Amino acid sequence: MELLTNQILAGIATGAIYACMALAVVMIYQAIDHLNFAQGEMAMFSTFIAWQLMQWGVPYWWAFLATLALSFAGGVIIERALFKPLANAPILTHVAGFIALFAIINSVAGLTWDFTIKQFPTPFGSSPFLGSQLISTHQAGMIGVTLVLLLLLYFFFQFTRVGLAMRAAATLPESARLVGINTSWMVALGWGMAAAIGSIAGMLIAPVVFLEPNMMGGVLIYGFAAAVLGGLTSPFGAVVGGFLVGIFENLAGTYIPGVGNELKLPIALALIITVLVVKPNGLFGRAIVKRV
Amino acid sequence: MSALQEIVDVTPVEATPKKYIALGGYASVAVLVLLIAAPLFAKNFIIFQMTMWLIYAIAVLALNILTGGSGQFSLGQSAFYAVGAYTSAILMEHFNVNYALTLPIAGVICFAFGYVFGQPALRLSGVYLALATFALATAMPQLLKLGYFEHWTGGVQGLVVTKPDAPFGLPMSQDMWLYYFTLVISIMIYVFSVNLLKSRSGRAMMAIRDNEIAASAMGVDVALYKTLAFGISAGITGVAGGLGAIAVQFVAPDSYTIQLAIALFLGMVVGGVGWLPGSLAGSAFIVFVPNIAESVSKGLSGAVFGAILIVIIFVLPHGARQIAYLSQHWINKLIHK
């Protein structure tokens, strides 16, 4: 029984990473209606910027804020320069664009900062949290930040004019344009916000997985899985999905015989697909009813 | 209401060609002559690369049938490719089956695998289907490494396959023989695919792609044709995988990762979704452009590759198909002047 609770706690701790990433994924999905495959690399690049600032002697929180602003600007610029001209291209062309972006960012980061593993500081410290050996204060801090972020996003989307306009632009672009919303800039804003949230995720994850250009590969896969499991239309679902995936993964690794680290990912994914087959919109996703 | 709720998130694959899926008569003959003549003037290594080009073209074509034909998206093609490759390799090395005979067996096994996988995939569409197929692609290398199958698959080490000689004492190198062998199979698969898409079944698949509800209202068995498309696509990919194993002479789990699936996907987009001859152009992109990028800059090869890809999708959002249409348009203009 103690093993079970311990594994669940450990699962929640890793789940916080996935939840953070899933939140960024859902953000951009709400703004542009696509999954951005380059999201993880964008987050990785932001984290490297933060690291570089700190190397230059900037204190943690200033570097944090500067990275947030730079990532936001970067996201907007990428949208304006790369994806606005492709607005009318087929969806699959967009996906190819994401893959191109992935390759470029990964390669540039590798050349600039090379592929050696770097330490990334944590603002929360890494002592055991409340006497538990399984969750450190950093992981607890990460869970806290994710929840605060979720709350802020909820207020932004529900109670501000811009949030409402963004939701309108994503769900019904034509009608939104008719009531005077600048839908094109709403998409750019969505990119900026997703990049900023991604950078927070990156900076929180980096102390755990260490900083290097390929650090996001595995995390992004789990982030996608978590977002899809929770339902791509629901930020709340994304966070719950993230924690669930973390717990699943740990329990599968412990209780199913013959499952080493290698098979954890396929088993987690298989479980998610089973959930999807029963509930095709994810756990908290809204079913979009199509008019025939 | 519940029936309506079932229909969720159907992302239509846009801008797929409605009428032209193949090249015209003259163009086909010209391409064929080029493909037959080219190896006569090339070195063995170039011929090997051209063989890989044809093999990937078959795999891209298979994805094109699935996505361009029936409107389903798959990131799991590398799994089918791996199953095909391992089937051929195991049959050749453990059972001494002739290499040519292993290909149809690989095709049949992959067809069955794809058809079965298509069953649960029926309920998913769009990104959800992408995730499911993606899961398949990430799981496959791990499954191939499992200890239970190590006796057959060789585990992490993989299997070495002997390269076939040219039969009947034909005076050509192994590489050249393999190229022509692959070419013949490619042509067979291409003709089969064009005829498939032009047939009743092909029209049913395209009707599902354009509007699933309308198609089912017209009496198309949506479930049957969607799973059939998955099966056929997997079967063809399996044949490509088998050919790949024979050409590379080696199969190992890590050759068939998600990167292969992504490459095949890029090949389809660059070639033009739903336009079968585009598979050749798309496959040329995935075989040769990484080499070009590498030669431009070693450290930044990924960035160069990405930049080339972005230029291509900016200039030709509909892939190589766009070039074909434009040139056809100009030729018609010239003739009718």
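The values are calculated or read from the model by the stated rules, or taken from the named source; none is laboratory data. Worth saying up front: this structure is predicted, and the values here are computed from it rather than measured. No Cβ is skipped: glycine too gets one built from the backbone with ideal geometry, and neighbour counts run over all protein chains shown. Each accessible area value is taken on the protein alone, full model and side chains, heavy atoms only, with ligands, DNA and RNA left out. Shrake-Rupley method; radii C 1.70, N 1.55, O 1.52, S 1.80 Å.
When the helices of chain A are scored as -39500 (n - 2.57) per DSSP H run of n ≥ 4 and the total is divided over every residue, the value at 222 nm lands at -24500 deg cm²/dmol.
Could you work out the local net charge near A:Ala206, counting Lys and Arg as +1, Asp and Glu as -1, over the other residues with Cβ closer than 12 Å to its Cβ? Every neighbour counted, the sum reads 0. Report the Stokes-Einstein translational diffusion coefficient (µm² s⁻¹, integer) for region B:23-256, Rh taken as the Kirkwood radius over Cα pairs, at 37 °C with viscosity 0.692 mPa s. Roughly 177 µm²/s, to the nearest whole number. Here the Gaussian network model covers chain B, with springs between Cα atoms less than 10 Å apart; of B:Ser125, B:Ser28, B:Ser74, B:Ser28 fluctuates the most.
Heavy-atom accessible area per residue, region A:122-232, 1.4 Å probe: how many Å²?
Details: 4760 Å² over 111 residues.
Per-residue accessible area for region A:122-232 comes out at 43 Å².
With all projection directions averaged, the alpha carbon convex hull of region B:17-155 covers 11.2 nm².
Rounded to the nearest 0.05, the FRET efficiency derived from the C-beta distance between B:Leu146 and B:Ala166 at R0 = 35 Å is 0.40.
Longest exposed-loop-site-free stretch of chain A, with trypsin sites (Lys or Arg not before Pro), DSSP loop and at most 15 other Cβ within 10 Å? Write down the numbers at each step before the final one.
Working: sites that count: A:Arg286, A:Lys290, A:Arg291.
Longest run free of exposed loop sites: A:1-285.
Placing R0 at 45 angstrom, the Cβ-Cβ distance between B:Leu326 and A:Val162 gives a FRET efficiency of 0.60 after rounding to 0.05.
Let's test the formula: R0 of 30 Å, r as the Cβ-Cβ distance of A:Thr116 and A:Ala81. What FRET efficiency results, to the nearest 0.05?
Details: r = 31 Å, r/R0 = 1.02.
Given R0 = 30 Å and the Cβ-Cβ separation, E is 0.45.
Residues whose amide H comes within less than 5 Å of that of A:Ser136, counting only those at least five positions distant or on another chain, are A:Phe129 (H built at 1.01 Å from N in the peptide plane).
Note on A:Trp56 and B:Ala217: their simple-model spin labels are 6.1 nm apart, each label 7 Å out from Cα toward Cβ. For A:Trp185, the accessible area of its heavy atoms, probed at 1.4 Å with every protein chain present, is near 130 square angstrom. Pairs of Cα atoms nearer than 8 Å and 6+ residues apart set the relative contact order; for region B:23-256 it is 42 percent. Of the residues B:Ile286, B:Ile213, B:Ile189, the one that moves most in a GNM of chain B with alpha-carbon contacts below 10 Å is B:Ile213. Here's how it looks for B:Phe250: its modeled amide H is under 5 Å from those of B:Val161, which are all 5 or more places away or on a different chain. Springs between alpha-carbon atoms under 10 Å, Gaussian network over chain A: tell me which of A:Ile221, A:Ile272, A:Ile91 tops the mean-square fluctuations. Judging by the Gaussian network model, the answer is A:Ile91. Compute the Rg to Rh ratio over chain A from the alpha carbon atoms, using the Kirkwood formula for Rh, and round to two decimal places. Rg divided by Rh gives 0.97. Taking the Cα centre of chain B as origin and assigning +1 to Lys and Arg Cβ atoms and -1 to Asp and Glu Cβ atoms, the resulting dipole is close to 840 debye. Summing charges over all other residues whose Cβ lies under 15 Å from the Cβ of B:Asp175, with Lys and Arg as +1 and Asp and Glu as -1, gives +1. Checked against a 21 Å cut-off, the cross-linked pairs A:Lys264/B:Lys226; B:Lys43/B:Lys163; A:Lys264/B:Lys145 give Cα-Cα distances beyond that limit for A:Lys264/B:Lys226. Calculated on the alpha-carbon coordinates, the convex hull of the protein assembly as shown measures out at 179 cubic angstrom per residue.
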